[in-house]
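Participant: Got a structure for you, questions after.
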Amino acid sequence: MDSDHYFTASPASAENLRTIRVVLAGREVEVVTAGGVFSPDRMDAGTHVLLADTPPPPPGGNILDLGCGWGPIALTVAMQSPHATVWAVDVNQRALDLVRRNAAALDLDNIQAVTPDEVPGDIVFRSIRSNPPIRVGKSELHDMLLRWIPRLDPSSDGWFVVQRNLGSDSLQRWLSATLDHTYSVHRAATGRGYRVLKVRRHGTPATAAITLP
């Protein structure tokens, strides 16, 4: 049995590059995927729900795709917000290589595909869009979320899609109980057995206006 997981840093399994056609930001495009990454044969249902049931991303600033895989969220956001910097973050080096290949093929120069430790410590995010790796285990998932959610700008939102059968409701309760009073958590959408959780970081004064080039 293949011992690789999509959250393995350096998959040992054969790469088996393949090309698939998907619709991103309303465009049908070809992307490259590979074995040893999450959902290599198609865009998974959870990502479909997240992209369909969240508002357009901010037009500028830094936006985080946490657990980017081969890049469907990061690529979509980069296409929708060409003046934003999209941080595609994953521990899987093969996934990061795929994001870079796909960004180059789509002429997207606003994606930074990096490991978590390669994100500069002073970067804060106008939005987080994530289909997080639930199967890493509850403790590691909680640590991951508590590392990144506090890096939201004030008056900004994180959007997380989680399968109902994999604990979306318990995760919502945990977030509500764990984050302090400057955050609010609610279920923003439901579809195809998934929940989209919205985490709002409130703040005063409001986040400064985005200035585009």
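The values are calculated or read from the model by the stated rules, or taken from the named source; none is laboratory data. Note that the structure is predicted; figures quoted are calculated from it, not measured. Using ideal geometry, Cβ is built from the backbone for each residue, glycine included, and neighbour counts are taken over all protein chains shown. Surface accessibility is based on the protein's heavy atoms, side chains included, excluding ligands, DNA and RNA. Shrake-Rupley method; radii C 1.70, N 1.55, O 1.52, S 1.80 Å.
Participant: Pick from the stretch 33-50 the residues that are under 17 Å from the mean Cα position of the chain (by Cα), of a type in the set (A, V, I, L, M) and closer than 16 Å to residue 99 by Cα: which of them is surrounded by the most Cβ atoms within 10 Å (Cβ to Cβ)?
Facilitator: 37
Participant: Within the stretch 53-69, identify whether any single residue is touching a helix residue (DSSP H, G or I) at 6+ places or on another chain (Cβ under 7 Å), open to solvent by 70 Å² or more (accessible area, probe 1.4 Å) and free of Cβ contacts under 8 Å to residues at least 40 places away in the same chain, and answer yes or no.
Facilitator: The answer is yes, given that some residue of the stretch 53-69 is touching a helix residue (DSSP H, G or I) at 6+ places or on another chain (Cβ under 7 Å), open to solvent by 70 Å² or more (accessible area, probe 1.4 Å) and free of Cβ contacts under 8 Å to residues at least 40 places away in the same chain.
Participant: Are any of the residues in the stretch 146-154 touching a Ser or Thr at 6+ places or on another chain (Cβ under 6 Å), aromatic (Phe, Trp, Tyr) and outside any loop (DSSP other than H, G, I, E, B)?
Facilitator: The answer is no, given that none of the residues of the stretch 146-154 is touching a Ser or Thr at 6+ places or on another chain (Cβ under 6 Å), aromatic (Phe, Trp, Tyr) and outside any loop (DSSP other than H, G, I, E, B).
Participant: Do the conditions hold for residue 109, that is, is it in contact with a helix residue (DSSP H, G or I) (Cβ under 8 Å, 6 or more places away or on another chain) and over 25 Å from residue 198 (Cβ atoms)?
Facilitator: So residue 109 passes the test.
Participant: Another question about this same structure. Condition first: under 20 Å from residue 89 (Cβ atoms), hydroxyl-bearing (Ser, Thr, Tyr) and touching a residue at least 40 places away in the same chain (Cβ under 8 Å). Can you find one or more residues in the stretch 184-204 that meet it?
Facilitator: Among the residues of the stretch 184-204, not one is under 20 Å from residue 89 (Cβ atoms), hydroxyl-bearing (Ser, Thr, Tyr) and touching a residue at least 40 places away in the same chain (Cβ under 8 Å), which makes the answer no.
Participant: If you don't mind, another one. Look through the stretch 120-159, keep the residues that are of a type in the set (Val, Ile, Thr) and either at pLDDT below 95 or surrounded by fewer than 19 Cβ atoms within 10 Å (Cβ to Cβ) (or both), and return whichever of them is farthest from residue 184 (Cα to Cα).
Facilitator: It comes out as 136.
Participant: Against the conditions (1) open to solvent by less than 30 Å² (accessible area, probe 1.4 Å); (2) outside any loop (DSSP other than H, G, I, E, B); (3) within 28 Å of residue 191 (Cα to Cα), where does residue 30 fall short? Just the number, please.
Facilitator: All conditions pass for residue 30, except number (1).
Participant: Of the residues that make up the stretch 101-112, is at least one under 25 Å from residue 157 (Cα atoms), without any contact (Cβ under 8 Å) to a residue 24 or more places away in the chain and acidic (Asp, Glu)?
Facilitator: yes
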